[in-house]
1. Enumerate the pairs (first residue in region 65-88 and closer than 19 Å to Ser154 by Cβ and without any contact (Cβ under 8 Å) to a residue 24 or more places away in the chain; second residue anywhere and surrounded by fewer than 18 Cβ atoms within 10 Å (Cβ to Cβ) and of a type in the set (Lys, Arg)) with beta-carbon separation below 8 Å, excluding pairs fewer than 6 apart on the same chain, so at least 6 apart or on different chains.
2. Quick check on region 119-145: of everything there that is of a type in the set (A, V, I, L, M) and not in a strand (DSSP E or B), which residue is farthest from the chain's Cα centre (by Cα)?
3. Mind counting the residues in region 178-190 that are farther than 15 Å from Cys96 by Cα and either among the charged types (D, E, K, R) or touching a helix residue (DSSP H, G or I) at 6+ places or on another chain (Cβ under 8 Å) (or both)?
4. May I ask you to list the residues in region 156-177 that are out of contact with any helix residue (DSSP H, G or I) (no Cβ under 8 Å at 6 or more places or on another chain) and part of a loop (DSSP other than H, G, I, E, B)?
5. Restricted to region 55-88, and to residues that are under 15 Å from the mean Cα position of the chain (by Cα) and aliphatic (A, V, I, L, M), which residue is surrounded by the most Cβ atoms within 10 Å (Cβ to Cβ)?
6. Given the criterion closer than 21 Å to Asn64 by Cα and either over 18 Å from the mean Cα position of the chain (by Cα) or not polar (S, T, N, Q) (or both), identify the matching residue among Glu187, Glu116, Glu148.
7. Being closer than 23 Å to Ala90 by Cβ, open to solvent by less than 30 Å² (accessible area, probe 1.4 Å) and either of a type outside the set (Val, Ile, Thr) or at pLDDT below 75 (or both) is the requirement here; does Ala199 meet it?
8. Going residue by residue through region 68-75, is there one that turns out to be touching a Cys at 6+ places or on another chain (Cβ under 7 Å) and not in a loop (DSSP other than H, G, I, E, B)?
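The values are calculated or read from the model by the stated rules, or taken from the named source; none is laboratory data. Everything quoted here is computed from the prediction, not taken from an experiment. Heads up, the Cβs are rebuilt from the backbone with ideal geometry, glycines too, and the neighbour counts pull from every protein chain shown. Please note that ligands, DNA and RNA were not included when accessible areas were found on the heavy atoms of the full protein model with its side chains. Shrake-Rupley method; radii C 1.70, N 1.55, O 1.52, S 1.80 Å.
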Amino acid sequence: MSASKPPRIAPLKAASTLFLIAIMLCGCLEGIKPDAAALTASSTAPRMGPDCASCHAYPLHDVNHTYHLQSFNTREGVQGKFIYERKNGAIVCMDCHFGSIAHRNYNWYDTLWGTEGDVRATRDKLPNDPIYRIDSIPGFLPLPYALERATATSDQVDSLLDAAAKIGAVVSWLTAGNHFNGSVDVEFSPNIVLDTGLARTAYRARDLSCSAIECHNAPKKIYRWASKDKGLPGCPSLDHNPEVDSSCGYSPKQEPK
């Protein structure tokens, strides 16, 4: 007895079946097409912070960055010299890498007290001084990744800096175009270097020196990091060594002149 053969579908019937399947699929595909409005809409979900450590340690752990970002010595110096621009004393990435960190212009306000010929800043105000004038002074606000760029305020930025400092951390910032140009750009913020002509020249990579900026107490002298590779001692020296310090323009007693 021979095995039965499977039934054959007539060519016309097979074509009709495929046509019906195609029509059904078209109806389904309409529902899975990309929604253009959804693709271009702004998300209201909170943003995740950048993984800076995927490219380099953040913060960098060399002595330069550790000293400037996390030492109490530098915070005290900034508070003394830039009482209004950076009242919490924090040094941020924007101060030395101005073109690499996203920022926006903003105004901070300086109230002067007293009378004509006898004017005082807030810290020197006397109990009976009248307001003499309120100055609106332009500044630059670094933009943290955790805040919306358009609405970030100086008070919010200060709060983030203070909260980070309490736990020995640093704030993650939005980056700008120069951060991805393949080179390390040292460019000082006009908040820190009042002579903007020095913004790109105050730091010299060839001898690791950084002078002529207002946050150093003797801008005309050389501030230099020690380097074993370059054979350079640091300036000023910790032990006030006259031989070393004379090469940096310092007197043996380190007087800022």
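1. Close Cβ pairs (under 8 Å, with a partner that is surrounded by fewer than 18 Cβ atoms within 10 Å (Cβ to Cβ) and of a type in the set (Lys, Arg)) amount to Gln79/Lys87.
2. Looking only at region 119-145, we keep the residues that are of a type in the set (A, V, I, L, M), and these are 119, 121, 126, 131, 134, 137, 141, 143.
Narrowing further to those that are not in a strand (DSSP E or B): 126, 143.
Numbers: Leu126: 37, Leu143: 7 Å.
By that ranking, first place goes to Leu126.
3. First, pick out the residues of region 178-190 that are farther than 15 Å from Cys96 by Cα: 180-182.
Going one step further and asking which of them are either among the charged types (D, E, K, R) or touching a helix residue (DSSP H, G or I) at 6+ places or on another chain (Cβ under 8 Å) (or both), we end up with none.
Qualifying residue count, region 178-190: 0.
4. Ile167, Ala169, Leu174 - these are the residues of region 156-177 that are out of contact with any helix residue (DSSP H, G or I) (no Cβ under 8 Å at 6 or more places or on another chain) and part of a loop (DSSP other than H, G, I, E, B).
5. The selected residue is Leu69.
6. Working: Glu116 fails: closer than 21 Å to Asn64 by Cα; Glu148 fails: closer than 21 Å to Asn64 by Cα.
Being closer than 21 Å to Asn64 by Cα and either over 18 Å from the mean Cα position of the chain (by Cα) or not polar (S, T, N, Q) (or both) holds for just one of Glu187, Glu116, Glu148, which is Glu187.
7. Numbers: closer than 23 Å to Ala90 by Cβ: yes; open to solvent by less than 30 Å² (accessible area, probe 1.4 Å): yes; either of a type outside the set (Val, Ile, Thr) or at pLDDT below 75 (or both): yes.
So Ala199 passes the test.
8. First, pick out the residues of region 68-75 that are touching a Cys at 6+ places or on another chain (Cβ under 7 Å): none.
There is no residue in region 68-75 that is touching a Cys at 6+ places or on another chain (Cβ under 7 Å) and not in a loop (DSSP other than H, G, I, E, B).
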